[in-house]
1. Give the Cα extents of region 216-372 along the principal axes, in whole Å, largest first.
2. With springs connecting C-alpha atoms under 10 Å apart, model the chain as a Gaussian network and identify which of GLY147, GLY295, GLY88 has the largest mean-square fluctuation.
3. If you stretched the chain out fully between ALA246 and ARG101, how much longer would it get, using 0.36 nm times the residue separation minus the C-alpha to C-alpha distance?
4. Which ³J(HN,Hα) values in Hz, rounded to whole numbers, follow from the phi angles of region 50-59 under the Karplus curve 6.51 cos²θ - 1.76 cosθ + 1.60, where θ = phi - 60° and Gly and Pro get x?
5. Among ALA140, ILE90, VAL123, whose Cα projects farthest towards the positive end of the dipole of the chain, with charges put on the beta-carbon of Lys, Arg (+1) and Asp, Glu (-1)?
6. Which percent of the accessible area of the chain is formed by carbon and sulfur heavy atoms (probe 1.4 angstrom)?
7. Could you pull out every residue, at least 5 positions away or on a different chain, whose amide H is within less than 5 Å of the one on SER201? Hs are placed 1.01 Å off N in the peptide plane, and Pro or chain starts have none.
8. Region 219-272 to region 125-159: how many Å between their Cα centroids?
Amino acid sequence: MARKIFIAATGQNCGKTTTSISLLHLARKKYQNVGFIKPLGPKPTTLRGIPMDKDAALMAQVFGLRKDLRAMSPVVVYPDTTRRAIDGEICPRRLEEQILRAYEELEKTCDFIIIEGSGHPGVGSVLKLSNARIARLLDAPVLMVTGGGVGNVVDSVYMNLALFEKERVDVRAILANKLIPDKRERILDYLRRAFAGEPFSVIGGFDFQPILANPTLRRVSRLLDLPLHGSRREMGRIIHNVQIAAASTQRVAELLRESTLLIVTSSRDELLVTLSNLYHMPDYRSKIVGLVIPGIIPISTITQQILERSNIPYLRNRTHTTAELYRIITEDVSKITPEDTEKLSLIRTLAEKRLDFDLLDSLFEPRDTVVI
């Protein structure tokens, strides 16, 4: 029987996928065959013609798990799935059977299996497949990923524990993630005291990492549904700052910070030309990631030629205002993709530094089977 760990979270964007990547990386150093399954996939995509969840596709591509594709994402949720389930067109029992068959297929060849939940523990309840229900179905102990605070983490954990307790699921550890570095040990100390007497352990996860949280040029291009012009080799570059270039040309240059994406309206010829020239200077190359150019006014012919010759990456938008673009970009939550090699490399490095896999492995050692 394979060892298994169900990764749940108190909410979205706590770091489930980052945790899954980390544990897969570390488990492969100890176990010969490590598998991954996302039983309920709310983010549909296709990989090699197989419908599956985006997170499952990510794991398959990053870790070369292509032979397990059909078992890695047994239930994919589409926009009409909820309606069809309520109308009785989809049978929850059949979905359970699909999940069980997929898991059993993985267990035939795997020594260690990572099971990733979806969203918060209640996601999937309309299909009778909440995270808690699936964890019970697979008799899988739970690692619950949380944010990095104290009061809000304690409140969220207890609220979500109720659903796991209802399903009689064994929550064995809380992983406090996105911790503020200079408050890390203090926060963990408070959390351990707050949960004193509970049957689960409190473990420290990653410190907050802007590199992991911030988008790449590729992500912004997809988010705005705009083609990237200029150097496509920069698509994987990470954006740390977004700046509306509304000041004078000289002032904009003075205010540039590291790895900045600038929003410059199409009428600012002097500024567009200046930034195109600065892009070739070593002192500024690290500061300028690229441009987003909104505005219905066409870019002048000479400015367009300078933009193209400079090879500076830029996106041209004619449908949104500067303020709308700034809001869309800054409010977006960046997700890891297989092309984000810099982020993936950092996750592996941080996993080896921050996560005690032997401790986790011992905490999730098989115990008596839960009776369903």
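The values are calculated or read from the model by the stated rules, or taken from the named source; none is laboratory data. No experiment lies behind these values; they were computed from the predicted model shown. We place every Cβ from the backbone using ideal geometry, glycine too, and count neighbours over all the protein chains shown. Each accessible area value is taken on the protein alone, full model and side chains, heavy atoms only, with ligands, DNA and RNA left out. Shrake-Rupley method; radii C 1.70, N 1.55, O 1.52, S 1.80 Å.
1. Result, largest extent first: 73, 36, 25 Å.
2. Of the options given, GLY88 has the highest mean-square fluctuation.
3. Working it through step by step, the gained length comes to 46.4 nm.
4. Ordered by residue, 3J(HN,Hα) equals 9, x, 6, 6, 4, 5, 5, 5, 4, 4 Hz.
5. Looking along the dipole axis, the top candidate is ILE90.
6. C and S atoms contribute 49 percent here.
7. Under 5 Å from the amide H of SER201 lie the amide H atoms of ALA173, ILE174, each far enough along the sequence or on another chain.
8. The two parts, judged by their Cα centres, are 40 Å apart.
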